[in-house]
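Enquirer: Okay, handing you the structure first.
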Amino acid sequence: MDCWLDVAEATISQGVRELVCRLNAGSSSFAAAAENLRRAAQLKLSRETLRQVVEQEGRQVLAAQKSGALTPGWSAADCVVTEPAATSTASASTVTAMPANASTANASTVTAMPANASTANASTVTAMPANASTVTATPANASKSSSSASPSKSSASARAKTRVYFGCDGVMVPLVTDAEKRKRRATIKHKRKLRGKKAKPLPPLRPGADQAFKEFKLVVYYDDTRRHRLVEGTQ
(Lines give C-alpha, C1' and ligand atoms only; values in the text may rest on other atoms or scores of the structure.)
Protein backbone atom coordinates (compact mmCIF):
# COMPACT_ATOMS: atom_id res chain seq x y z
CA MET A 1 0.00 0.00 0.00
CA ASP A 2 2.93 2.36 0.56
CA CYS A 3 3.66 2.46 -3.17
CA TRP A 4 0.07 3.40 -3.97
CA LEU A 5 -0.02 6.03 -1.23
CA ASP A 6 3.21 7.58 -2.48
CA VAL A 7 1.76 7.80 -5.99
CA ALA A 8 -1.38 9.45 -4.66
CA GLU A 9 0.62 11.96 -2.63
CA ALA A 10 2.82 12.79 -5.61
CA THR A 11 -0.10 13.76 -7.86
CA ILE A 12 -2.24 16.89 -7.94
CA SER A 13 -5.92 16.19 -8.54
CA GLN A 14 -7.92 17.74 -11.35
CA GLY A 15 -9.96 19.82 -8.91
CA VAL A 16 -6.82 21.30 -7.36
CA ARG A 17 -5.36 22.05 -10.78
CA GLU A 18 -8.53 23.89 -11.77
CA LEU A 19 -8.53 25.89 -8.54
CA VAL A 20 -4.85 26.75 -8.99
CA CYS A 21 -5.48 28.08 -12.51
CA ARG A 22 -8.50 30.10 -11.40
CA LEU A 23 -6.67 31.69 -8.48
CA ASN A 24 -3.61 32.39 -10.59
CA ALA A 25 -5.72 34.24 -13.19
CA GLY A 26 -6.75 36.78 -10.54
CA SER A 27 -3.41 37.07 -8.75
CA SER A 28 -0.51 39.39 -9.41
CA SER A 29 2.16 36.67 -9.04
CA PHE A 30 2.62 32.96 -8.47
CA ALA A 31 3.52 33.68 -4.85
CA ALA A 32 0.25 35.55 -4.34
CA ALA A 33 -1.68 32.70 -5.98
CA ALA A 34 -0.01 30.18 -3.66
CA GLU A 35 -0.99 32.27 -0.64
CA ASN A 36 -4.57 32.58 -1.89
CA LEU A 37 -4.69 28.80 -2.38
CA ARG A 38 -3.55 28.26 1.19
CA ARG A 39 -6.17 30.63 2.56
CA ALA A 40 -9.01 29.49 0.32
CA ALA A 41 -8.55 25.71 0.30
CA GLN A 42 -5.98 25.00 3.05
CA LEU A 43 -3.65 23.54 0.42
CA LYS A 44 0.05 24.32 0.51
CA LEU A 45 1.95 24.56 -2.76
CA SER A 46 5.17 26.42 -3.33
CA ARG A 47 5.13 29.19 -5.88
CA GLU A 48 7.43 27.16 -8.13
CA THR A 49 5.16 24.11 -8.03
CA LEU A 50 2.16 26.33 -8.66
CA ARG A 51 3.91 27.88 -11.65
CA GLN A 52 4.67 24.46 -13.10
CA VAL A 53 1.05 23.36 -12.67
CA VAL A 54 -0.35 26.49 -14.32
CA GLU A 55 2.03 26.37 -17.27
CA GLN A 56 1.49 22.66 -17.80
CA GLU A 57 -2.28 23.14 -17.88
CA GLY A 58 -1.84 26.01 -20.32
CA ARG A 59 0.31 23.90 -22.64
CA GLN A 60 -2.31 21.17 -22.62
CA VAL A 61 -5.05 23.66 -23.53
CA LEU A 62 -2.99 25.10 -26.38
CA ALA A 63 -2.22 21.62 -27.71
CA ALA A 64 -5.91 20.70 -27.59
CA GLN A 65 -6.83 23.89 -29.46
CA LYS A 66 -4.26 23.33 -32.19
CA SER A 67 -5.27 19.71 -32.69
CA GLY A 68 -8.97 20.59 -32.82
CA ALA A 69 -9.83 18.42 -29.81
CA LEU A 70 -11.10 21.40 -27.83
CA THR A 71 -14.35 22.53 -29.44
CA PRO A 72 -17.20 24.73 -28.14
CA GLY A 73 -20.22 23.02 -26.66
CA TRP A 74 -22.61 24.73 -29.08
CA SER A 75 -23.00 25.42 -32.79
CA ALA A 76 -24.81 27.93 -34.99
CA ALA A 77 -27.83 25.63 -35.10
CA ASP A 78 -28.40 26.34 -31.38
CA CYS A 79 -28.54 30.13 -31.89
CA VAL A 80 -32.14 30.37 -33.09
CA VAL A 81 -33.74 33.79 -33.49
CA THR A 82 -37.52 33.99 -34.07
CA GLU A 83 -38.69 36.98 -36.08
CA PRO A 84 -42.34 37.59 -37.07
CA ALA A 85 -43.02 37.71 -40.76
CA ALA A 86 -44.01 41.02 -42.35
CA THR A 87 -47.83 41.34 -42.34
CA SER A 88 -50.07 44.00 -43.85
CA THR A 89 -52.11 46.28 -41.60
CA ALA A 90 -55.89 46.43 -41.76
CA SER A 91 -56.11 50.19 -41.45
CA ALA A 92 -56.51 52.16 -44.65
CA SER A 93 -54.08 54.86 -45.73
CA THR A 94 -55.82 58.06 -46.85
CA VAL A 95 -54.38 60.77 -49.08
CA THR A 96 -56.39 63.98 -49.28
CA ALA A 97 -55.78 66.76 -51.82
CA MET A 98 -57.60 69.99 -50.90
CA PRO A 99 -57.01 73.37 -52.55
CA ALA A 100 -56.73 76.44 -50.35
CA ASN A 101 -60.10 77.90 -51.43
CA ALA A 102 -62.06 74.69 -51.03
CA SER A 103 -65.07 74.70 -48.77
CA THR A 104 -66.53 71.53 -47.31
CA ALA A 105 -69.30 72.93 -45.18
CA ASN A 106 -72.10 72.03 -47.63
CA ALA A 107 -70.29 69.36 -49.62
CA SER A 108 -72.13 66.17 -50.37
CA THR A 109 -70.15 62.91 -50.51
CA VAL A 110 -70.23 60.73 -53.61
CA THR A 111 -68.45 57.35 -53.42
CA ALA A 112 -67.41 55.56 -56.59
CA MET A 113 -66.69 51.86 -55.95
CA PRO A 114 -66.26 49.16 -58.60
CA ALA A 115 -68.37 46.06 -58.26
CA ASN A 116 -65.47 43.67 -57.62
CA ALA A 117 -63.75 45.70 -54.91
CA SER A 118 -63.79 45.12 -51.17
CA THR A 119 -62.96 47.74 -48.55
CA ALA A 120 -61.22 45.74 -45.85
CA ASN A 121 -57.73 46.92 -46.77
CA ALA A 122 -58.66 49.65 -49.24
CA SER A 123 -56.35 52.56 -49.96
CA THR A 124 -58.61 55.65 -50.07
CA VAL A 125 -57.78 58.69 -52.21
CA THR A 126 -59.94 61.79 -51.69
CA ALA A 127 -59.83 64.62 -54.24
CA MET A 128 -61.66 67.83 -53.33
CA PRO A 129 -61.81 70.65 -55.92
CA ALA A 130 -62.50 74.24 -54.95
CA ASN A 131 -66.27 74.23 -55.57
CA ALA A 132 -66.96 70.54 -55.87
CA SER A 133 -68.36 67.90 -53.60
CA THR A 134 -66.17 65.25 -52.06
CA VAL A 135 -65.46 62.25 -54.27
CA THR A 136 -63.95 59.09 -52.75
CA ALA A 137 -62.43 56.53 -55.10
CA THR A 138 -61.56 53.03 -53.93
CA PRO A 139 -59.10 51.01 -56.08
CA ALA A 140 -60.47 47.87 -57.65
CA ASN A 141 -57.58 45.62 -56.58
CA ALA A 142 -58.21 46.03 -52.85
CA SER A 143 -58.35 42.61 -51.18
CA LYS A 144 -60.29 41.74 -48.08
CA SER A 145 -58.43 38.56 -47.30
CA SER A 146 -55.10 40.31 -46.69
CA SER A 147 -56.40 42.12 -43.61
CA SER A 148 -58.18 39.31 -41.81
CA ALA A 149 -55.26 36.99 -41.01
CA SER A 150 -56.08 34.58 -38.22
CA PRO A 151 -53.79 34.29 -35.15
CA SER A 152 -52.82 30.75 -36.08
CA LYS A 153 -51.67 31.81 -39.52
CA SER A 154 -49.73 34.75 -38.05
CA SER A 155 -47.84 32.53 -35.65
CA ALA A 156 -47.17 30.00 -38.39
CA SER A 157 -45.77 32.71 -40.59
CA ALA A 158 -43.03 33.53 -38.08
CA ARG A 159 -39.65 32.63 -39.51
CA ALA A 160 -36.97 30.87 -37.44
CA LYS A 161 -33.44 32.08 -38.18
CA THR A 162 -30.04 31.27 -36.75
CA ARG A 163 -27.69 34.15 -36.01
CA VAL A 164 -24.21 34.29 -34.52
CA TYR A 165 -22.42 37.57 -33.86
CA PHE A 166 -18.68 37.95 -34.29
CA GLY A 167 -16.34 40.51 -32.77
CA CYS A 168 -12.59 41.03 -32.89
CA ASP A 169 -10.24 43.48 -31.23
CA GLY A 170 -6.52 43.83 -30.60
CA VAL A 171 -4.86 44.54 -27.25
CA MET A 172 -1.24 45.19 -26.36
CA VAL A 173 0.15 42.70 -23.82
CA PRO A 174 3.37 43.32 -21.84
CA LEU A 175 5.99 40.59 -22.16
CA VAL A 176 9.32 39.89 -20.48
CA THR A 177 12.14 40.52 -22.91
CA ASP A 178 15.26 38.39 -23.14
CA ALA A 179 17.38 41.24 -21.77
CA GLU A 180 15.07 41.58 -18.75
CA LYS A 181 15.31 37.83 -18.06
CA ARG A 182 19.10 37.94 -18.09
CA LYS A 183 19.05 40.96 -15.78
CA ARG A 184 16.77 39.18 -13.30
CA ARG A 185 18.96 36.06 -13.40
CA ALA A 186 22.06 38.11 -12.65
CA THR A 187 20.27 39.68 -9.68
CA ILE A 188 19.34 36.25 -8.30
CA LYS A 189 22.93 35.02 -8.66
CA HIS A 190 24.22 38.10 -6.86
CA LYS A 191 21.83 37.55 -3.94
CA ARG A 192 22.88 33.91 -3.72
CA LYS A 193 26.50 34.93 -3.61
CA LEU A 194 25.85 37.36 -0.76
CA ARG A 195 24.13 34.65 1.30
CA GLY A 196 27.27 32.53 1.25
CA LYS A 197 25.28 29.29 1.26
CA LYS A 198 25.36 26.54 -1.30
CA ALA A 199 22.12 26.24 -3.25
CA LYS A 200 20.92 23.96 -5.98
CA PRO A 201 21.64 25.14 -9.51
CA LEU A 202 19.16 27.39 -11.21
CA PRO A 203 17.04 25.90 -13.98
CA PRO A 204 18.13 26.61 -17.55
CA LEU A 205 17.42 30.13 -18.71
CA ARG A 206 14.39 30.25 -20.94
CA PRO A 207 14.52 32.73 -23.80
CA GLY A 208 12.50 35.89 -23.42
CA ALA A 209 10.47 37.91 -25.90
CA ASP A 210 12.08 40.09 -28.55
CA GLN A 211 9.76 43.01 -27.72
CA ALA A 212 8.33 44.47 -24.52
CA PHE A 213 4.78 44.58 -25.94
CA LYS A 214 3.00 42.48 -28.53
CA GLU A 215 -0.50 42.58 -29.95
CA PHE A 216 -2.97 39.84 -29.12
CA LYS A 217 -6.28 39.38 -30.91
CA LEU A 218 -9.41 38.77 -28.86
CA VAL A 219 -12.14 37.00 -30.82
CA VAL A 220 -15.69 36.50 -29.55
CA TYR A 221 -18.74 34.66 -30.94
CA TYR A 222 -22.16 34.99 -29.28
CA ASP A 223 -25.90 34.90 -29.94
CA ASP A 224 -28.78 37.27 -29.17
CA THR A 225 -29.41 35.97 -25.65
CA ARG A 226 -25.69 35.43 -24.89
CA ARG A 227 -26.48 31.95 -23.67
CA HIS A 228 -23.85 30.73 -26.10
CA ARG A 229 -20.53 32.54 -26.10
CA LEU A 230 -16.98 31.67 -27.14
CA VAL A 231 -14.00 33.92 -26.41
CA GLU A 232 -10.49 33.17 -27.64
CA GLY A 233 -7.18 34.98 -27.54
CA THR A 234 -4.65 34.58 -30.32
CA GLN A 235 -1.06 35.76 -30.46
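Enquirer: Considering only the stretch 186-216, how many residues are surrounded by 11 or more Cβ atoms within 10 Å (Cβ to Cβ), of a type in the set (Lys, Arg) and within 15 Å of LEU175 (Cα to Cα)?
Expert: 1
Enquirer: So which strands (runs of 3 or more DSSP E) are wholly in the stretch 23-112 and hold at least 1 residues that are at pLDDT below 95, at negative phi and open to solvent by 90 Å² or more (accessible area, probe 1.4 Å)?
Expert: Because the criterion is at least 1 residues that are at pLDDT below 95, at negative phi and open to solvent by 90 Å² or more (accessible area, probe 1.4 Å), the strands (runs of 3 or more DSSP E) in the stretch 23-112 that meet it are 80-83, 94-97.
Enquirer: Where residues in the stretch 205-235 are assigned to a loop (DSSP other than H, G, I, E, B) and of a type in the set (A, V, I, L, M), which of them is nearest to LYS161 (Cα to Cα)?
Expert: ALA212
Enquirer: Would you check which residues across the stretch 11-22 are open to solvent by 60 Å² or more (accessible area, probe 1.4 Å) and either outside any helix (DSSP H, G or I) or among the hydroxyl-bearing types (Ser, Thr, Tyr) (or both) and list them?
Expert: Those that are open to solvent by 60 Å² or more (accessible area, probe 1.4 Å) and either outside any helix (DSSP H, G or I) or among the hydroxyl-bearing types (Ser, Thr, Tyr) (or both): THR11, SER13.
Enquirer: What tally of residues in the stretch 183-226 results from selecting those that are of a type outside the set (Val, Ile, Thr) and in contact (Cβ under 8 Å) with a residue 24 or more places away in the chain?
Expert: Total satisfying the criteria: 18.
Enquirer: Under 7 Å between Cβ atoms, at least 6 apart or on separate chains: pull out the pairs that start in the stretch 65-85 with a residue that is among the basic types (Lys, Arg) and end on any residue that is at pLDDT 90 or above and outside any helix (DSSP H, G or I).
Expert: Between residues of the stretch 65-85 that are among the basic types (Lys, Arg) and residues that are at pLDDT 90 or above and outside any helix (DSSP H, G or I), there is no close pair.
The values are calculated or read from the model by the stated rules, or taken from the named source; none is laboratory data. Values in this document were obtained by computation on a predicted structure and should not be read as measured data. A quick note on method: Cβ atoms are made from the backbone with ideal geometry, for glycine too, and the neighbour counts reach across all protein chains shown. Note: accessible area is taken over every heavy atom of the protein model, side chains too, but ligands, DNA and RNA are not part of it. Shrake-Rupley method; radii C 1.70, N 1.55, O 1.52, S 1.80 Å.
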